[in-house]
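Student: Before I ask anything, here is the structure I am working with.
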Amino acid sequence: MALQLWETLKEAITVYTGLSPATFFAGLGLGLAIYYVISALFGSSDRHHERTTRNLQEAMQPLPPPVQLGEIAEDELKAYDGSDPEKPLLMAIKGQIYDVSQSRMFYGPGGPYALFAGKDASRALAKMSFEDKDLTGDISDLGPFEIDALQDWEYKFMSKYVKVGTVKKTVPVTEGSSTGEPAEATDREVEKLAENGPSKNTANGTTESTSGADADQE
């Protein structure tokens, strides 16, 4: 029965297509292969388009308004380096902290300037350096050209981003400056010497004068 169906099918293929059964099935297989390839290409393109559209929609979502932080320490600033998506992306120049969340593609994780986020990167920006030793706000020994470059960066940040705080400056504590007791004690000693010194000197001077007069009489 199956053999009869196969013979009938071969005859129908030859009659209606003018092709031999082998040629017909070869062409059919080739057509199916082309169909699957084209479907795969367009399907991946559609998925890529969907991902791109979704990323653009996420990027176009309105950012929350900047939150004023006031004065914070450098260690506290590190928490705003973009690692926590719930927190704003912050960066400082010359001790002034700016919200750079709108430029997350540059300063956020994976961005070309990501290592500047969460830090006062004044020195690194002035020197256009990406070394860890320059990721600091110390600009005390910069040259005039570096100062000019840093000024340009500061103008750019002032015009583009919102200032949300300042970096708390740390004052070095010197020995003996923690309390005022030593200074007060010194002042009391000076006053005491001022009170007692002249009287003793006067007494000594009187004694010496008396001794000198006795010596003259002798």
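Any read-out appearing in this document is the output of simple, stated calculations on the displayed coordinates, not a laboratory observation. Predicted model, so just to flag it, every value in this text is computed and none were measured. We place every Cβ from the backbone using ideal geometry, glycine too, and count neighbours over all the protein chains shown.
Student: I'd like the distance separating the alpha-carbon centroids of region 96-124 and region 65-88, in whole Å.
Tutor: Comparing the Cα centres of region 96-124 and region 65-88, I get a distance of 11 Å.
Student: Quick query: amide H of Thr166 versus all other amide H atoms, modeled in the peptide plane; which residues come in under 5 Å with a sequence gap of 5 or more or a different chain?
Tutor: Residues meeting the amide H criterion: Gly70, Glu71, Ile72, Ile97.
Student: Okay, next question. Given the Cα-Cα distance of Gln102 and Ser140 and 0.36 nm per residue of separation, how much length would full extension add, in nm?
Tutor: So the extension gain works out to 10.6 nm.
Student: Right, something else. Note the per residue figure in Å³ for the convex hull of the C-alpha positions in region 71-167.
Tutor: Looking at region 71-167, the number lands at 89 Å³ per residue.
Student: Ok, one more. Taking the Cα-to-Cβ direction at Thr170 and at Met128 and moving 7 Å from each Cα, how far apart do the two end points lie in nm?
Tutor: So the two model labels end up 3.1 nm from each other.
Student: Hey, with R₀ at 30 Å, roughly what FRET efficiency would Val67 and Asp148 work out to, going by the Cβ-Cβ distance, to 0.05?
Tutor: Approximately 0.40, to the nearest 0.05.
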